[in-house]
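Chemist: Please read through the structure below; I'll follow up with questions.
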Amino acid sequence: PGDIERIVAHLPKYSARTVDNRAVPNISVQHLIALMIVDGTVTFHSSHDFARMQDPKVVAVRKKIDLKGVLALEKAKPARQAKVEMHLKNGKKVSRHVRAVRGTAANPMTRAEVEAKAFDLTAPILGKTRAKKLIEAIRSLETIKNVRTLRPLLTA
């Protein structure tokens with residue numbers, strides 16, 4: 001975070017209006033970008049944690065993030081494209097234009113990413129041990145003789 005001068009996120013104009021510096025953590029694009037930079041990841045829990053919106057480290061990064069609504073991205077195909085530019089203090093600029101949302105058919109997640117996401121969502125409910133066992137069972141679903149054996153893993 002200390003190397004970042006500023007960040008500019010470019011979204012379709014209609015989307016930018018919805019996610020621009022919102023007071024709700026999982027809707028504010030600036031907050032989500034700041035979380036990603038500070039934590040190195042964004043989880044379901046962190047993206048819904050209102051207290052993190054007051055975290056001094058997250059707030060400091062948020063102040064460096066601008067959001068621009070871009071009409072050209074509104075008309076781009078496929079829909080929901082975004083571009084992010086990171087301007088570093090050493091003068092270097094890094095940018096990325098994402099044409100397909102991660103997790104869609106055009107930009108699929110790896111098995112490891114899907115499993116990590118499933119674990120993040122299920123572990124708080126099922127517990128870490130049961131969540132891991134459920135993921136392992138689903139990974140080898142075609143070898144399970146009776147699907148009823150999954151039931152104990154699905155119960156909180």
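The values are calculated or read from the model by the stated rules, or taken from the named source; none is laboratory data. On a predicted model such as this, the values are computed, not experimentally measured, just so you know. So basically every Cβ, Gly included, is an ideal-geometry build from the backbone, and we count neighbours across all protein chains shown. Just the protein is used for accessible areas: all its heavy atoms, side chains included, with ligands, DNA and RNA removed. Shrake-Rupley method; radii C 1.70, N 1.55, O 1.52, S 1.80 Å.
Chemist: List residues of segment 16-59, by number, whose backbone nitrogen lies under 17 Å from a label position 7 Å along Cα→C-beta of K89.
Modeler: 37-38, 57-59
Chemist: Another question about this same structure. Averaging over every viewing direction, what projected area does the convex hull of the Cα atoms of segment 40-101 cover, in nm²? Each step should come with its number before you reach the end.
Modeler: Numbers: hull surface 23.1 nm².
Dividing the Cα hull surface by four gives the mean projection, 5.8 nm².
Chemist: Moving to a separate point now. Take the solvent-accessible surface of the protein heavy atoms, probe 1.4 Å, and return the percent of it on segment 1-134 that carbon and sulfur atoms account for. Walk me through the numbers on the way to the answer.
Modeler: On the way: 4850 of 8470 Å².
Ligands and nucleic acids excluded, carbon and sulfur give 57 percent.
Chemist: Report the local net charge at K132: Lys and Arg +1, Asp and Glu -1, summed over other residues whose C-beta lies under 15 Å from its C-beta. Before the final figure, lay out the partial values.
Modeler: Values: positive: R111, K117, K128, R130, K133, R139; negative: E115, D120, E136.
It works out to a net charge of +3.
Chemist: Magnitude of the Cβ-charge dipole of segment 16-141, K/R +1 and D/E -1, about the Cα centre, nearest 20 debye? Each step should come with its number before you reach the end.
Modeler: On the way: 25 positive and 11 negative charges, 72 e Å.
Once rounded to the nearest 20, the dipole reads 340 debye.
Chemist: Considering only DSSP beta bridges with both partners in segment 1-151, what is the antiparallel share in %, to the nearest 5?
Modeler: Values: 13 of 19 bridges.
Taking every DSSP beta bridge with both residues in segment 1-151, the antiparallel ones total about 70 percent.
Chemist: Here is a follow-up. Using a Gaussian network model on the chain with a 10 Å cutoff between Cα atoms, which of R22, R52, R111 fluctuates the most?
Modeler: Ranking R22, R52, R111 by mean-square fluctuation puts R111 first.
Chemist: Under 5 Å between amide hydrogens, which residues at least 5 positions from V70 or on another chain qualify, with H placed 1.01 Å from N in the peptide plane?
Modeler: Those qualifying (amide H under 5 Å, at least 5 residues apart or on another chain) are L11, K13.
Chemist: So if I restrict to the alpha-carbon atoms in segment 1-55, what is the Rg, and what is Dmax, the biggest pairwise distance, in Å?
Modeler: Answer for segment 1-55, Rg first and Dmax second: 11.4, 31 Å.
Chemist: Most fluctuating residue of V19, V114, V58 in a GNM of the chain with Cα springs under 10 Å: which is it?
Modeler: Between V19, V114, V58, it is V114 that shows the largest mean-square fluctuation.
Chemist: How high is the relative contact order of segment 1-151, in percent, with contacts defined as C-alpha pairs under 8 Å that are six or more residues apart?
Modeler: Values: 198 pairs, mean separation 37.4, N = 151.
Result for segment 1-151 is 25 percent.
Chemist: Just to be sure I understand: with springs between alpha-carbon atoms less than 10 Å apart, which residue in L73, L121, L141 has the highest mean-square fluctuation in the Gaussian network model of the chain?
Modeler: It is L141.
Chemist: Along Cα→Cβ, 7 Å out, is where each label goes; now give me the distance between the ones at N26 and R80 in nm to one decimal.
Modeler: Using points 7 Å along Cα→Cβ, the separation is 1.5 nm.
Chemist: Additional query: Name the residue from T43, H10, A100 whose Cα lies farthest towards the positive end of the charge dipole of the chain, charges +1 on Cβ of Lys and Arg and -1 on Cβ of Asp and Glu.
Modeler: The Cα lying farthest towards the positive end belongs to A100.
Chemist: Determine the sum of side-chain charges near N90: Lys and Arg each +1, Asp and Glu each -1, restricted to other residues whose C-beta is under 12 angstrom from that of N90. Before the final figure, lay out each step's value.
Modeler: Values: positive: K89, K92, K93; negative: D3, E5.
Once positives and negatives cancel, what remains is +1.
Chemist: OK, next. How many nm is it between the label spots at M109 and T155, if each spot is 7 Å from the Cα in line with the beta carbon?
Modeler: Going from the M109 label point to the T155 one covers 2.7 nm.
Chemist: Need the full-extension length gain, V98 to I125, defined as separation in residues times 0.36 nm minus the C-alpha distance. One decimal, nm.
Modeler: On the way: separation 27, 0.36 × 27 = 9.72 nm, distance 3.25 nm.
Between V98 and I125, full extension yields an extra 6.5 nm.
Chemist: Alpha carbons only, please: Rg and Dmax for segment 1-111, in angstrom.
Modeler: Looking at segment 1-111, its Cα Rg and Dmax stand at 14.1, 38 Å.
Chemist: Show the residues, 5+ positions off or on another chain, whose built amide H is closer than 5 Å to the amide H of I4.
Modeler: Distant-sequence amide H within range of I4: K89.
Chemist: Please compute the net charge surrounding D66, taking Lys and Arg as +1 and Asp and Glu as -1 over other residues with Cβ under 13 Å from its Cβ. Write down the numbers at each step before the final one.
Modeler: Values: positive: R6, R62, K63, K64, K68, K83; negative: E5, D20, E85.
Net charge in that neighbourhood comes out at +3.
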